[in-house]
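> Input: one structure, supplied below.
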Amino acid sequence: MTPQPTVGESERGEAPIRRSQWLTIIVVYVAGVVAAMSYGKFSSVGPAVADQLGLSLSQLGWVISAVVGVGAVAGLPAGYLVRRFGAGRSLIAALALMVVASALSAAAGSFAWLLAARFAEGAGYLVVSIACPALILHLAEERDRGVALSIWATFVPVGIGVSTLAGGAAGAALGWRGWVLLIAGLTLLTAVAVRVRLPRTPATAAVAGPVPGARALAWPALLTASFCLMVLVTMPVVVLLPTLLIDRHGSSAGAAGALTSAISFVGVLGGVSVGVLLRRGVPLAVLAASGLLVVPGAWLAYGSDGSLAAAAVGAGVVSLENGLLGAFVFAALPLVLERLDHADVGNGMVAQMGSVGALLGPPLFGLVAGASDFAAVVPLIVAGMLASVGGLLPVTRNVARRARSAGS
């Protein structure tokens, strides 16, 4: 007599349900957060560094922004490099480079030495920001990719926020060199954890498929160009907020810094919400169009002579949309690639265009506001967001069209 399958056994002929490798995804996410902590580690100890090494404010600015500068120049080439050597191997090598660069930063005795170490650190940070989402794309099953990638999109604000909060206390207790070495040690531990957790599969190795050409990258180019515009006009709103709160609303430096830190974390909520909304079936076009909320948010923050509360609400809306649209880009990227194994190059484009926006936005806004007043940046924000949303909406239509074609 043939025994019947018991409860819990797979039915005959059915493939087992594959599950996303969430623990490994979390480890990869932590690697991104630690890298972002290294990116922002000099913000909280900047005065001590400048005082000990005799740096001007301009030189200190270069030390802080050098990491983003590398991404603005080399994002796309780095994507092809990750493709050549494999996302897993590239991530471990990049973390190791950041450990060495941090150690060299801690030993720096001059501006040139510190800047060179920061450029090396920037190269490692760039590769981390490309390799991690490429790995997450393969570690998450299709039903979970939107959630996993939207969580990944929060790594920069979380990393910088943690670094800012911890750096002040650690810098006071250990000195700025001790704080930098602490980050180096944390990065080393993270590299070991990544090495242990990453599976030895083709997903983490070099990609053997065809290299994507210009035609294959047309839609990703439109997506990332729109992302660049969004970053350019939203990130400076938060960056310049302390100056606005002090100059226009009479806040103290401490209160302005605390409020700005809280508002920056609103972007994390925006990023995480994308995965939830996609799971609930909210169309990509609706998420893209939500970027138009930046316009009234920017007017409340910078264009009106309203209260401090109004300015905080407006900046909060802008921060929320910055996080939401950033996560939207990471979630939409796999849907506009011709092949999933183009993800490394696609993420290189995201890194480069996001870095360009982050590098150019603050000085551009400072120039406009300095020549007139804070209200003068509002037309710039409006124009940038209209152009950004105008680029994102055709991308969502292309995704919907491809989904219909695949389903028919």
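The values are calculated or read from the model by the stated rules, or taken from the named source; none is laboratory data. Keep in mind it's a predicted model, so treat the numbers as computed, not measured. Counting neighbours? That spans all protein chains shown, and the Cβs are built from the backbone with ideal geometry, glycine included. These area figures cover heavy atoms from the full protein model, side chains too; ligands, DNA and RNA do not enter into them. Shrake-Rupley method; radii C 1.70, N 1.55, O 1.52, S 1.80 Å.
> Consider segment 35-45. How many of its residues are open to solvent by less than 10 Å² (accessible area, probe 1.4 Å) and assigned to a helix (DSSP H, G or I)?
Residues in segment 35-45 being open to solvent by less than 10 Å² (accessible area, probe 1.4 Å) and assigned to a helix (DSSP H, G or I): 3 in total.
> Mind listing whichever residues of segment 74-133 are open to solvent by 30 Å² or more (accessible area, probe 1.4 Å) and either outside any helix (DSSP H, G or I) or within 20 Å of residue 153 (Cβ to Cβ) (or both)?
Passing the criteria: 76, 107, 109, 110.
> Among (1) surrounded by 21 or more Cβ atoms within 10 Å (Cβ to Cβ); (2) at pLDDT 95 or above, where does residue 146 come up short?
Every condition holds for residue 146 apart from (2).
> While we're looking at this one, here's another question. Take the residues of segment 262-275 that are at pLDDT 90 or above and open to solvent by 60 Å² or more (accessible area, probe 1.4 Å): which is nearest to residue 150 (Cα to Cα)?
So the residue we want is 272.
> With respect to residue 331, is the statement that it is in contact with a helix residue (DSSP H, G or I) (Cβ under 7 Å, 6 or more places away or on another chain) and surrounded by fewer than 24 Cβ atoms within 10 Å (Cβ to Cβ) true?
no
> Next question, about the same structure. Name the residues in segment 367-408 that are part of a loop (DSSP other than H, G, I, E, B) and closer than 28 Å to residue 281 by Cα, would you?
408
> What pairs come up if the first residue lies in segment 395-408 and is within 17 Å of residue 219 (Cα to Cα) and surrounded by 14 or more Cβ atoms within 10 Å (Cβ to Cβ), the second is modelled with pLDDT under 85 and among the hydrophobic types (A, V, I, L, M, F, W, C), and their beta carbons are under 9 Å apart, counting only those six or more places apart or on different chains?
none
> For the subset of segment 149-168 comprising residues that are aliphatic (A, V, I, L, M) and in contact with a Phe, Trp or Tyr (Cβ under 9 Å, 6 or more places away or on another chain), which member is least open to solvent (accessible area, probe 1.4 Å)?
Looking at the filtered set, the residue picked out is 149.
> Then there is this: From 234, 224, 243, which residue is hydroxyl-bearing (Ser, Thr, Tyr), modelled with pLDDT under 95, surrounded by 17 or more Cβ atoms within 10 Å (Cβ to Cβ) and in a helix (DSSP H, G or I)? Working first, answer last.
Values: 224 fails: modelled with pLDDT under 95; 243 fails: surrounded by 17 or more Cβ atoms within 10 Å (Cβ to Cβ).
234 is the lone residue from the list that is hydroxyl-bearing (Ser, Thr, Tyr), modelled with pLDDT under 95, surrounded by 17 or more Cβ atoms within 10 Å (Cβ to Cβ) and in a helix (DSSP H, G or I).
> Look through 58, 129, 150 and report the one residue that is of a type in the set (Ser, Thr, Tyr) and farther than 29 Å from residue 278 by Cβ.
Answer to the check: 58.
> Just for segment 36-65: of the residues that are among the polar types (S, T, N, Q) and over 22 Å from residue 363 (Cα atoms), which one is farthest from the chain's Cα centre (by Cα)?
Going through the qualifying residues, I end up with 52.
> Looking for something among the β-branched types (Val, Ile, Thr), open to solvent by 50 Å² or more (accessible area, probe 1.4 Å) and either under 30 Å from residue 375 (Cα atoms) or part of a helix (DSSP H, G or I) (or both) - is there at least one such residue anywhere in segment 182-196?
Start the filter on segment 182-196 by keeping residues that are among the β-branched types (Val, Ile, Thr), which leaves 183, 187, 190, 192, 194, 196.
Going one step further and asking which of them are open to solvent by 50 Å² or more (accessible area, probe 1.4 Å), we end up with 192, 196.
Then drop every residue that is not either under 30 Å from residue 375 (Cα atoms) or part of a helix (DSSP H, G or I) (or both), which leaves 192, 196.
Within segment 182-196, one or more residues are among the β-branched types (Val, Ile, Thr), open to solvent by 50 Å² or more (accessible area, probe 1.4 Å) and either under 30 Å from residue 375 (Cα atoms) or part of a helix (DSSP H, G or I) (or both).
> Got a sec? Which of 324, 300, 259, 287 is open to solvent by 10 Å² or more (accessible area, probe 1.4 Å), of a type outside the set (D, E, K, R) and under 21 Å from the mean Cα position of the chain (by Cα)?
None of the other options fit; the residue is 324.
> Kindly check whether there is at least one residue in segment 343-353 that is touching a residue at least 24 places away in the same chain (Cβ under 8 Å), touching a Lys or Arg at 6+ places or on another chain (Cβ under 7 Å) and open to solvent by less than 20 Å² (accessible area, probe 1.4 Å).
Taking every residue of segment 343-353 in turn, at least one turns out to be touching a residue at least 24 places away in the same chain (Cβ under 8 Å), touching a Lys or Arg at 6+ places or on another chain (Cβ under 7 Å) and open to solvent by less than 20 Å² (accessible area, probe 1.4 Å).
> Further, regarding this structure: Check segment 203-214 and report whether any residue there is out of contact with any Ser or Thr (no Cβ under 8 Å at 6 or more places or on another chain), assigned to a helix (DSSP H, G or I) and open to solvent by less than 50 Å² (accessible area, probe 1.4 Å).
For segment 203-214, residues out of contact with any Ser or Thr (no Cβ under 8 Å at 6 or more places or on another chain), assigned to a helix (DSSP H, G or I) and open to solvent by less than 50 Å² (accessible area, probe 1.4 Å): present.
> Taking residue 60 as meeting all but one of (1) surrounded by fewer than 23 Cβ atoms within 10 Å (Cβ to Cβ); (2) at pLDDT 90 or above; (3) more than 17 Å from residue 133 (Cβ to Cβ), write down the number of the exception.
The failed condition is (2).
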